[in-house]
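Student: Sharing a structure, written as structure tokens. Questions coming.
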Amino acid sequence: MTTTNYTKQIDYDRATKDFSIKVNGELIGYAGSYSEAESKANEYVYNLLARTPNSINEAEEMTEATPAAEAPAAAITRERVAEAADYAYEIAPEWSGAVTKALDELAKGQWMFTSSVVVIRSATRNKQYRLVSGEPCQCEAARRGLRCWHKAAAGLLRRAARVA
């Protein structure tokens, strides 16, 4: 029997007034309260241990081969996400509605980021959407050909990680 240990770290950021969540040193998201951060960290580790299909652990497996330098997730801050949004407004004004909604939803902390995979909880349904770089979102809006905020949010997180 193999024992796997995970180190969970929750830090309060006085500047942004939120809690960052790290598992084994990798930033996985933010939360508005300590108890919410603790729950997210526990859920994340549980999913890693449970090896449940279509859960966060799949994202981990998909990104194990990705060099950390490609996406320094620990460098994602609200400021960097805001900078990414400014860039998106400038180069893709047709996405402005989705980007604005993405900023609002990302501020709620219902997301996890691991290199090339972003997991975002739906704002209206009890679902999580896994967005792998280069693949379309599976939400209803995206399936209807609309610009969805999940994809915009994933793009903002990826850009925020790259500009670090």
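Every number in this text was worked out from the coordinates using simple rules, so none of it is lab data. Since the structure is predicted, the reported quantities are computational estimates derived from the model, not experimental observations. Glycine also receives a Cβ, built like all others from the backbone with ideal geometry; neighbour counts cover every protein chain displayed.
Student: Would you mind counting up the charge near A142? Only other residues with Cβ under 11 Å from its Cβ, with Lys and Arg at +1 and Asp and Glu at -1.
Tutor: Surrounding charge for A142 is +2.
Student: Mind checking the full-extension length gain between A107 and S39? Use 0.36 nm per residue of separation minus the Cα-Cα distance, one decimal, nm.
Tutor: Taking 0.36 nm per residue and subtracting the Cα distance, the gain is 22.8 nm.
Student: A further question on this structure: Say the cut-off is 21 Å between C-alpha atoms; which of K17/K127; K8/K40; K22/K151; K17/K108; K8/K151 go over it?
Tutor: As for pairs spanning more than 21 Å Cα to Cα, those are K17/K127; K22/K151; K8/K151.
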